[in-house]
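Below you'll find the structure, written out as structure tokens, and then a few comments.
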């Protein structure tokens with residue numbers, strides 16, 4: 001089972017800490033950061049006591065586009081959609097397995113989560129397509 005990393009509330013997730021935690025996945029993480037910076041997105045790290053871990057909000061102005069978390073197998077992007085807006089994900093040019101996973105996720109309140117473990121460039125590319133779709137919602 002994969003483990004959520006960055007659990008120590010006293011240790012901010014600096015680049016050195018992230019590099020150590022992500023290992024081989026750090027280059028893919030850097031690519032994600034570069035692409036989100038180009039889109040003028042802001043990454044805001046906070047320690048959440050209820051989760052007992054550091055989580056990062058990926059923000060477009062004040063709109064939360066997705067959450068980023070660090071795992072020993074890579075990093076995860078978690079998006080939340082309404083039933084209606086989730087339908088747009090099925091129309092994107094992303095891997096069929098991502099679409100199947102989205103359909104299978106149980107609602108959290110009125111929202112449906114879509115969680116991607118970013119382990120390689122192909123999944124990152126699909127995650128960026130979903131991120132761009134989410135940015136256009138309500139714009």
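The values are calculated or read from the model by the stated rules, or taken from the named source; none is laboratory data. Owing to the predicted nature of the structure, the values given are computational and were not obtained by experimental measurement. For neighbour counting, all protein chains shown are included, and Cβ atoms are generated from backbone atoms with ideal geometry for every residue, glycine included.
Of the residues that make up region 69-76, is at least one farther than 27 Å from residue 9 by Cβ and more than 13 Å from the chain's Cα centre (by Cα)?
The answer is no; no qualifying residue exists.
Would you check which residues across region 44-59 are touching a helix residue (DSSP H, G or I) at 6+ places or on another chain (Cβ under 8 Å) and surrounded by fewer than 15 Cβ atoms within 10 Å (Cβ to Cβ) and list them?
none
Would you mention how many residues in region 12-39 are surrounded by 16 or more Cβ atoms within 10 Å (Cβ to Cβ), farther than 16 Å from residue 119 by Cα and out of contact with any strand residue (DSSP E or B) (no Cβ under 7 Å at 6 or more places or on another chain)?
Total meeting the criteria: 2.
Quickly run through region 9-35 and pick out the residues that are over 17 Å from residue 120 (Cα atoms) and either assigned to a helix (DSSP H, G or I) or in contact with a helix residue (DSSP H, G or I) (Cβ under 9 Å, 6 or more places away or on another chain) (or both).
11, 13, 15, 16, 17, 20
What number goes with the only condition from (1) more than 14 Å from the chain's Cα centre (by Cα); (2) closer than 21 Å to residue 9 by Cα; (3) surrounded by 13 or more Cβ atoms within 10 Å (Cβ to Cβ); (4) modelled with pLDDT of 90 or more that residue 86 does not pass?
With (1) more than 14 Å from the chain's Cα centre (by Cα); (2) closer than 21 Å to residue 9 by Cα; (3) surrounded by 13 or more Cβ atoms within 10 Å (Cβ to Cβ); (4) modelled with pLDDT of 90 or more applied to residue 86, the lone miss is (2).
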